[in-house]
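Each reported figure results from applying straightforward, stated rules to the coordinates on display, with no laboratory input. Quantities reported herein were computed from a predicted structural model and do not represent experimental measurements. Please note: Cβ atoms are built from the backbone with ideal geometry, for glycine as well, and neighbour counts cover all protein chains shown.
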Amino acid sequence: MNYFEFLMVFVGVPLVIILLIAFRKGKLTQFNISGILVLSLIALVYTTPWDNYLIFRGVWTYPPDAVVGKLGYVPLEEYGFMILQTWLAGVIFALLPFSREITALQFYPLASLPAFFLGALGCFLLMSKSGTYAGLILVWACPPLALQWSLGLKALISTFK
């Protein structure tokens, strides 16, 4: 199975099913679609340099004959994965029965401390070859987590009440 086939079977098919369910339930609102489009762009812009660096460093590899082509060091299918995965998660989230009252963002600097410590752990892991992958994931993931937790803590908590 090549990467495109894998992507279609394990992300494409579930996405089509979830989209049909969301459409039938009237959950594909302009607000939800706009949010998913913005998040897809953010995922693409934020993940592209990281994936290119992982492949450049040899941390992440792929068989050249299993992909359609590449842009930079990254298989074209990986860019599709970034977007389709965001759509899948976004549509699933739109189906969940959360309270979606939009609240003003407030800054809670202490809420970013867990992300700071995880990022520091990532930096520490980067000091050894065996910790490279985990270290890079933590260093890559912690800035948006710190932003989300420090600015959106109240909204996150109210969503699950």
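Think of the stretch 5-160 as having a plus end and a minus end, set by charges on the Cβ of Lys, Arg, Asp and Glu; of Ser158, Ile137, Ile36, Ser158 sits farthest toward the positive end of this dipole.
Listed from fewest to most Cβ neighbours within 10 Å, the set Ile36, Ile42, Ile157 follows the order Ile157, Ile42, Ile36.
On a full-extension model of 0.36 nm per residue, what is the gain between Tyr108 and Thr61, subtracting their alpha-carbon distance, rounded to one decimal in nm?
13.0 nm
Between Leu126, Leu136, Leu110, the GNM of the chain built on Cα springs shorter than 10 angstrom shows Leu110 fluctuating the most. Near the amide H of Lys70, within less than 5 Å, lie the amide hydrogens of Leu76, all on another chain or at least 5 residues away, with H placed in the peptide plane. Every helix of 4 or more DSSP H residues in the chain counts as -39500 (n - 2.57), and over all residues that averages to -22000 deg cm²/dmol at 222 nm.
Footprinting exposure proxy ranking of Asp65, Asp51, fewest other C-beta atoms within 10 angstrom first, gives Asp65, Asp51. Note on percent of Cα pairs over 25 Å apart: of the candidates (1) 45; (2) 31; (3) 53, the value calculated from this structure sits at (1). Note: relative contact order over the stretch 33-85, using C-alpha pairs below 8 Å and six or more positions apart, is 41 percent.
Using a cut-off of under 16 Å, list every residue of the stretch 1-39 whose amide N is near the label point 7 Å from the Cα of Gln148 along the Cα-to-beta-carbon line. From the stretch 1-39, the list is 35-39.
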